[in-house]
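To start, the structure itself, in structure tokens.
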Amino acid sequence: ASGRASITVRDILAASQRQPVPQRGYQCMSCCRVFPTLWSIKTHIQHSSQEGYSCKLYYRRLKALWEKGHKELEAAAP
């Protein structure tokens with residue numbers, strides 16, 4: 001079920017903050033392309049398979065890993 005979770009702007013921002021981009025914009029963590037706006041990178045991710053990329057799959061897996069990590073942290077908390 002979490003593999004089908006939609007990618008949100010919050011997910012994109014969280015991923016892009018981990019790697020600074022030398023120019024203004026948002027970098028796709030999968031294909032490394034830089035986009036000027038959040039809307040443009042989100043559109044790219046949603047339609048990446050039409051462009052020959054697997055960015056949507058990458059972000060879905062990344063989000064699933066984050067959710068799994070959060071669940072593990074919650075379970076380990078006293």
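Only protein heavy atoms count here; on that basis, with a 1.4 Å probe, Leu38 has an accessible area of about 40 Å².
Under a Cβ-Cβ cut-off of 12 Å, what is the net charge of the residues other than Lys42 that fall near it, where Lys and Arg count +1 and Asp and Glu count -1?
Working: positive: Arg10, Lys56; negative: Asp11.
After counting each charged neighbour, the total is +1.
Between Lys68 and Gln50, residue separation times 0.36 nm minus the direct Cα-Cα distance comes to 3.6 nm. Taking θ as phi - 60° and the Karplus parameters 6.51, -1.76 and 1.60, the scalar couplings of segment 7-12 work out to 8, 9, 4, 4, 5, 5 Hz in sequence order, x denoting glycine and proline. The HN-Hα couplings worked out from phi for segment 45-58 by the Karplus form 6.51 cos²θ - 1.76 cosθ + 1.60 (θ = phi - 60°) are 4, 5, 10, 4, 5, 6, 9, x, 10, 10, 4, 4, 4, 4 Hz, whole numbers, x standing for Gly and Pro. Database remark: amide H of Phe35 closer than 5 angstrom to the amide H of Tyr26, Gln27, Cys28 (H placed geometrically; neighbours at sequence offset of 5 or more, or on other chains; Pro and chain starts carry no H). Of the whole protein surface, Tyr58 contributes about 90 Å² of accessible area at a 1.4 Å probe radius. Phi angles of segment 24-38 translate, via the Karplus equation with coefficients 6.51, -1.76, 1.60 and θ = phi - 60°, into HN-Hα couplings of 5, x, 10, 9, 6, 6, 8, 9, 6, 6, 10, 10, x, 9, 4 Hz per residue; Gly and Pro are given as x.
The values are calculated or read from the model by the stated rules, or taken from the named source; none is laboratory data. The shown structure was predicted, so the numbers you read here are calculated from the model rather than taken from an experiment. Every residue, glycine among them, receives a Cβ derived from its backbone with ideal geometry; neighbour counts consider all protein chains shown. Accessible surface areas use protein heavy atoms only, side chains included; no ligands, DNA or RNA. Shrake-Rupley method; radii C 1.70, N 1.55, O 1.52, S 1.80 Å.
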